[in-house]
Amino acid sequence: MKRFFKPIEKEGSAKKPSLSPSKNGAENGDALPEVDVKKEPLKFLTWNANSLLLRVKSNWPEFSNFVSNLDPDVIAIQEVRMPAAGSKGAPKKPGELKDDTSPSREEKQILMRALSSPPFGNYHVWWALADTKYAGTALLVKKCLRPLKVSFSLDGTVSKHEPDGRVILAEFETLRILNTYAPNNGWKDEENSFQRRRKWDKRLLEFVVQSSDKPLIWCGDLNVSHEDIDVSHPEFFSAAKMNGYVPPNKEDCGQPGFTLAERKRFGAILKEGRLVDAYRYLHKEKDMECGFSWSGNPIGKYRGKRMRIDYFIVSEKLKERVAECEIHGKGIELEGFYGSDHCPVSLQLSEGCKEDK
């Protein structure tokens with residue numbers, strides 16, 4: 001989600017041991033430590049960290065305690081904002097953290113220590129990173145779970161990464177998990193942001209239709225609020241403008257993430273992909289206290305203006321197994337946001353029948 005906070009200060013970064021596919025290696029046959037192996041994950045967490053390194057520096061004890069108590073099998077993170085490995089002018093390695101300069105090595109060490117400490121030391125980590133401190137995603141999977149394959153693009157190519165590290169796709173025996181950080185729609189078509197988002201939505205639609213052979217859990221910051229019930233103030237967001245600019249097409253007007261064009265395309269993805277919004281499946285009514293995952297700046301015109309743009313979307317064949325789907329932040333003071341402008345969202349599945357497995 002495009003922010004209304006003041007610009008982020010100089011960020012640091014660092015990482016956990018570079019457990020990217022080449023080193024986590026479920027898909028290339030690398031040996032992993034002996035642990036009791038589970039067939040499928042049942043509990044999931046997604047969170048737009050709005051710079052993982054800043055969260056490690058400022059909010060890690062609280063977030064670590066939250067994760068310890070929730071004990072998810074899979075953690076999907078967006079807006080990692082850590083640069084990919086590779087020196088200036090050289091090809092980048094989007095599955096590894098940058099460490100070729102003194103500052104980048106220090107940042108990597110900070111993140112490594114945080115992700116090696118409890119409870120995160122119980123997880124393998126895969127990265128999809130941009131060339132700079134922008135966007136990026138991470139996927140943490142408990143060591144007792146063994147993905148059959150981890151890839152980083154919507155076409156399922158292991159070696160290929162989406163631009164800006166916006167996709168991580170993990171395939172298990174019984175289901176797939178797709179972690180995405182959708183590009184913001186932006187305010188002006190002239191800046192090509194509308195076109196970028198249209199292409200993204202088109203590719204997502206193609207992906208979900210072509211991936212129907214196995215149940216899907218799609219999570220992350222999807223940068224769209226589907227219905228009026230998914231925003232705190234529909235009229236405010238529908239009428240929002242940037243510097244008075246009004247797009248020529250009225251369906252592109254309004255707050256990015258709440259334009260009619262984006263909402264229609266999102267609805268088409270759900271319908272054509274036979275997908276269900278897990279939170280709305282369980283929570284039919286609007287919840288002004290706990291029903292939104294993004295909150296505007298507590299100071300200024302966006303105070304109290306909130307949106308639900310972080311999701312768990314599941315295949316219809318999984319919907320009867322959706323036991324819980326909760327948004328863990330509340331109120332306009334960002335309680336439970338752990339320093340980000342997004343709060344964590346969790347999903348709990350019930351055990352599947354033997355026939356499902």
Mind listing just one residue for me: the one in the range 139-189 that is over 30 Å from PHE237 (Cβ atoms) and of a type in the set (Ser, Thr, Tyr) and, of those, surrounded by the most Cβ atoms within 10 Å (Cβ to Cβ)?
-> SER151
Breaking point among (1) among the acidic types (Asp, Glu); (2) open to solvent by 20 Å² or more (accessible area, probe 1.4 Å); (3) touching a residue at least 24 places away in the same chain (Cβ under 8 Å), for ASP201 | (2)
When you look at MET242, is it under 17 Å from TRP187 (Cβ atoms), touching a residue at least 40 places away in the same chain (Cβ under 8 Å) and surrounded by fewer than 19 Cβ atoms within 10 Å (Cβ to Cβ), yes or no?
-> yes
When the range 158-188 is checked residue by residue, the ones that are in a loop (DSSP other than H, G, I, E, B) and more than 20 Å from HIS124 (Cβ to Cβ) are LYS160, GLU162, ARG166, ALA182, PRO183, ASN184, ASN185, GLY186, TRP187, LYS188
Those residues of the range 320-342 which are within 24 Å of GLY267 (Cβ to Cβ), out of contact with any helix residue (DSSP H, G or I) (no Cβ under 6 Å at 6 or more places or on another chain) and of a type outside the set (A, V, I, L, M), in sequence order | GLU320, ARG321, GLU326, HIS342
From (1) within 27 Å of LYS93 (Cβ to Cβ); (2) modelled with pLDDT under 70, pick out the condition that doesn't hold for LYS6.
-> (1)
Of all residues in the range 218-239 being among the small types (Gly, Ala, Ser) and surrounded by fewer than 19 Cβ atoms within 10 Å (Cβ to Cβ), which is farthest from ILE309 (Cα to Cα)?
-> ALA239
Using beta carbons and a limit of 6 Å, which pairs, at least six apart or on different chains, have the first residue in the range 216-233 and in contact (Cβ under 8 Å) with a residue 12 or more places away in the chain and the second one surrounded by fewer than 21 Cβ atoms within 10 Å (Cβ to Cβ) and in a helix (DSSP H, G or I)?
-> HIS226/ARG263
Within the range 143-180, how many residues turn out to be among the hydrophobic types (A, V, I, L, M, F, W, C), closer than 19 Å to ASP201 by Cα and out of contact with any Pro (no Cβ under 8 Å at 6 or more places or on another chain)?
-> 5
Restricting the search to the range 220-237, which residues are under 18 Å from CYS290 (Cβ atoms) and of a type in the set (Val, Ile, Thr)?
-> ILE229, VAL231
How do the pairs read when you match residues in the range 66-95 that are closer than 25 Å to ASN122 by Cβ and assigned to a loop (DSSP other than H, G, I, E, B) with residues anywhere that are among the basic types (Lys, Arg) and open to solvent by 20 Å² or more (accessible area, probe 1.4 Å), using Cβ under 7 Å and keeping only pairs 6 or more apart or on different chains?
-> ASP71/LYS43; PRO72/LYS43; ASP73/LYS43; ASP73/LYS142; ARG81/LYS133; MET82/LYS133
GLU96 passes all but one of (1) of a type in the set (D, E, K, R); (2) more than 19 Å from TYR181 (Cβ to Cβ); (3) modelled with pLDDT of 95 or more; which number fails?
-> (2)
Residue list for the range 260-285, restricted to those being farther than 17 Å from CYS219 by Cα, exposed (fewer than 14 other Cβ atoms within 10 Å of the Cβ) and without any contact (Cβ under 8 Å) to a residue 60 or more places away in the chain = LYS264, LYS284, GLU285
Out of curiosity, is THR132 under 18 Å from GLU162 (Cβ atoms), open to solvent by less than 10 Å² (accessible area, probe 1.4 Å), out of contact with any Asp or Glu (no Cβ under 6 Å at 6 or more places or on another chain) and in contact (Cβ under 8 Å) with a residue 24 or more places away in the chain?
-> no
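The values are calculated or read from the model by the stated rules, or taken from the named source; none is laboratory data. Quick caveat: nothing in here was measured; it's all calculated off a predicted structure. Because the Cβ atoms are built from the backbone with ideal geometry, glycine has one as well, and the counts that use them run over all protein chains shown. Accessible surface areas use protein heavy atoms only, side chains included; no ligands, DNA or RNA. Shrake-Rupley method; radii C 1.70, N 1.55, O 1.52, S 1.80 Å.
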